[in-house]
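The values are calculated or read from the model by the stated rules, or taken from the named source; none is laboratory data. The shown structure was predicted, so the numbers you read here are calculated from the model rather than taken from an experiment. Here the Cβ is made from the backbone with ideal geometry for all residues, glycine too, and neighbour counts use every protein chain on show.
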Amino acid sequence: MLRIAVQSKGRLYDETMELLKAAGIKLVAVKRTLLVPSKNFPVELLFLRDDDIPDSVATGTADIGIVGLNEVLEKHQRVNMLRKLGFSRCRLSLAIPKDADYNGPAWFNGKKIATSYPRILASYLKKNNLDADIHVISGSVEIAPGIGLSDAIFDIVSSGGTLVSNNLKEVEVVLPSEAVLIGSDRQLDDEKQNALDELLFRIEAVKTAETRKYVLMNVPKSRLKAVLAILPGIKSPTVLPLADDNWCSVHSVIEEKTLWTSINALKAVGAEGILVLNIEEMVP
Ligand SMILES: Nc1ncnc2c1ncn2[C@@H]1O[C@H](COP(=O)(O)OP(=O)(O)OP(=O)(O)O)[C@@H](O)[C@H]1O
Ligand SMILES: O=P(O)(O)OC[C@H]1O[C@H](OP(=O)(O)OP(=O)(O)O)[C@H](O)[C@@H]1O
Ligand SMILES: [Mg+2]
């Protein structure tokens, strides 16, 4: 069985489980167990703290893992990124007290920066020829300047809410991050390799479907050409007859980001009864 290391609880947990579920992987219901097999797919999940996931994959305890890119780069283990997963998006940023005058990265020279990501920070400082003191703490980094522990922080930012409530401002974005699927160079046996190939194929189908909608509408035949001109479709939209000879039904797939402009354009040329449906998987 292909062993997948996933976070046991925290920011990655919900969407990791949703992704695996969308890929059709059902788990055997076992509570408070760290190793849980699937009942319909040759994989098992190993539940870990996210910090331990890169190491578990590098050493072969797990075959693949799902973890934030920030942890992968910080832990600097021998792992490969197999695929970006598009969730738990955040960034590693430098932040300073909100009232401080900021004149660019040189501000950090001679300053003390609190962080849980010393390796990534050290590499940023080196690249920018900056000389700052790194103070490693494992959590609650944002309170460090307020209690006199540091001049600045280097930590995860998403909405920016935590910075605001600690009177800090983000001044440099160093690393955009998201959840990624990681693997190693280790040779997998045929059964595991097949499971991995199938999993990657299913993730691809789920991810492709996520940004698209299935759209159906009724169109007077006299307006069909104008409607088809608006719909890009995958290849060509499906056109089906209706009981009323003057009308037809048109089905297509639309990119979510252009959905509302397309719908307005379709209405304007005479499409009626437009239905928009979620797509669960999309196989090329
Ligand atoms: N506010 C956020 N928004 C989006 N993604 C985030 C946010 N905070 C963290 N992440 C991402 O989720 C990952 C896990 O965050 P979480 O806070 O659950 O870690 P943790 O407290 O270290 O958990 P663990 O107990 O597993 O060690 C981070 O490494 C990062 O990639
Ligand atoms: O920009 P924001 O949207 O405010 O998010 C950023 C915060 O989220 C994370 O902490 P989390 O809430 O997961 O708590 P933790 O420190 O216990 O992991 C991260 O460590 C930041 O503190
Ligand atoms: Mg952690």
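Would you point out the residue of region 130-160, among those that are more than 19 Å from Y102 (Cβ to Cβ) and in a loop (DSSP other than H, G, I, E, B), that is farthest from ligand 1 (Cβ to nearest atom)?
Restricting to residues being more than 19 Å from Y102 (Cβ to Cβ) and in a loop (DSSP other than H, G, I, E, B), the top hit is G148.
Where the second residue is within 16 Å of ligand 2 (Cβ to nearest atom) and not hydrophobic (A, V, I, L, M, F, W, C) and the first is without any contact (Cβ under 8 Å) to a residue 24 or more places away in the chain and within 12 Å of S116 (Cβ to Cβ) and lies in region 63-76, which pairs have Cβ atoms under 7 Å and are six or more apart or on separate chains?
Partner pairs satisfying both residue conditions: E71/D50; E71/D51.
Within the group A122, A100, A106, which residue is of a type in the set (A, V, I, L, M, F, W, C), part of a loop (DSSP other than H, G, I, E, B) and away from ligand 1 (no atom under 16 Å from the Cβ)? Spell out the reasoning first.
Values: A122 fails: part of a loop (DSSP other than H, G, I, E, B); A106 fails: part of a loop (DSSP other than H, G, I, E, B).
None of the others qualify; the one that does is A100.
Yes or no, residue by residue, for (1) in contact with a Lys or Arg (Cβ under 6 Å, 6 or more places away or on another chain); (2) touching a residue at least 40 places away in the same chain (Cβ under 8 Å); (3) within 30 Å of D14 (Cβ to Cβ):
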| position | (1), (2), (3) |
| --- | --- |
| M81 | no, yes, yes |
| R91 | no, yes, yes |
| K98 | yes, yes, no |
| P105 | no, yes, no |
| A114 | no, yes, yes |
| R119 | no, yes, yes |
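Give the residue that is nearest to K207 (Cα to Cα), with candidates limited to residues of region 71-128 that are among the β-branched types (V, I, T) and in contact with a Leu (Cβ under 8 Å, 6 or more places away or on another chain). If you could, list the steps in order and put the result at the bottom.
Going through region 71-128, the residues among the β-branched types (V, I, T) turn out to be 72, 79, 96, 113, 115, 120.
Checking which are in contact with a Leu (Cβ under 8 Å, 6 or more places away or on another chain) leaves us with 96, 113, 115, 120.
On the way: I96: 37, I113: 38, T115: 33, I120: 29 Å.
Among those residues, the one meeting the criterion is I120.
Quick one: which residue in I230, I153 is without any contact (Cβ under 8 Å) to a residue 60 or more places away in the chain and over 28 Å from the mean Cα position of the chain (by Cα)? Before you say what the answer is, go through the steps one by one.
On the way: I153 fails: over 28 Å from the mean Cα position of the chain (by Cα).
It is I230.
Give R202, R212 a once-over and let me know the one that is surrounded by 13 or more Cβ atoms within 10 Å (Cβ to Cβ) and at pLDDT below 95. Quick ask: steps written out before the conclusion?
On the way: R202 fails: at pLDDT below 95.
After ruling out the rest, the residue left standing is R212.
Can you tell me how many residues within region 36-90 are of a type in the set (A, V, I, L, M), over 10 Å from V180 (Cβ atoms), more than 16 Å from ligand 2 (Cβ to nearest atom) and in a strand (DSSP E or B)?
5
Just for region 81-106: of the residues that are touching an Asp or Glu at 6+ places or on another chain (Cβ under 7 Å) and over 13 Å from L163 (Cα atoms), which one is farthest from ligand 3 (Cβ to nearest atom)?
Of everything passing the filter in region 81-106, P105 is farthest from ligand 3 (Cβ to nearest atom).
Do you know which residues across region 161-205 are away from ligand 1 (no atom under 16 Å from the Cβ), closer than 23 Å to E15 by Cα and among the charged types (D, E, K, R)?
Our first condition is that a residue be away from ligand 1 (no atom under 16 Å from the Cβ); within region 161-205, this holds for 167, 169, 171-172, 183-205.
Filter again for closer than 23 Å to E15 by Cα, leaving 183-184, 195-205.
Passing the criteria: D197, E198, R202, E204.
Consider region 107-126. How many of its residues are among the basic types (K, R), more than 16 Å from ligand 3 (Cβ to nearest atom) and in contact with an Asp or Glu (Cβ under 9 Å, 6 or more places away or on another chain)? Spell out how you get there, then give the answer.
Pass one, region 107-126, residues among the basic types (K, R): 111-112, 119, 126.
Subset that is more than 16 Å from ligand 3 (Cβ to nearest atom): 111-112, 126.
From what's left, in contact with an Asp or Glu (Cβ under 9 Å, 6 or more places away or on another chain): 111-112.
Residues that pass the stated criteria total 2.
Only one of S150, S222 is more than 22 Å from P42 (Cβ to Cβ), crowded, with 18+ Cβ neighbours inside 10 Å, outside the structural domain of I25 (by TED's automatic domain parsing) and hydroxyl-bearing (S, T, Y). Can you tell me which? Show your work before the answer.
Details: S222 fails: crowded, with 18+ Cβ neighbours inside 10 Å.
S150 is the lone residue from the list that is more than 22 Å from P42 (Cβ to Cβ), crowded, with 18+ Cβ neighbours inside 10 Å, outside the structural domain of I25 (by TED's automatic domain parsing) and hydroxyl-bearing (S, T, Y).
Taking region 127-145 only, how many residues are in contact (Cβ under 8 Å) with a residue 24 or more places away in the chain and within 15 Å of ligand 2 (Cβ to nearest atom)?
Looking only at region 127-145, we keep the residues that are in contact (Cβ under 8 Å) with a residue 24 or more places away in the chain, and these are 130, 132, 141-142, 144-145.
Filter once more, keeping what is within 15 Å of ligand 2 (Cβ to nearest atom): 141-142, 144-145.
Residues meeting the conditions: 4.
Does V157 satisfy the criteria of being loosely packed, with under 15 Cβ neighbours inside 10 Å, under 13 Å from A95 (Cα atoms) and either out of contact with any Phe, Trp or Tyr (no Cβ under 6 Å at 6 or more places or on another chain) or aromatic (F, W, Y) (or both)?
Values: loosely packed, with under 15 Cβ neighbours inside 10 Å: no; under 13 Å from A95 (Cα atoms): yes; either out of contact with any Phe, Trp or Tyr (no Cβ under 6 Å at 6 or more places or on another chain) or aromatic (F, W, Y) (or both): yes.
So V157 does not fit the description; no.
One residue is enough: does region 217-230 have a residue meeting the conditions in contact with a helix residue (DSSP H, G or I) (Cβ under 6 Å, 6 or more places away or on another chain), polar (S, T, N, Q) and either more than 15 Å from G24 (Cβ to Cβ) or not in a helix (DSSP H, G or I) (or both)?
Checked region 217-230: no residue is in contact with a helix residue (DSSP H, G or I) (Cβ under 6 Å, 6 or more places away or on another chain), polar (S, T, N, Q) and either more than 15 Å from G24 (Cβ to Cβ) or not in a helix (DSSP H, G or I) (or both).
With respect to R11, determine if the residue is over 21 Å from N80 (Cα atoms) and within 16 Å of ligand 2 (Cβ to nearest atom).
Yes; evaluated as a whole, the condition is true for this residue.
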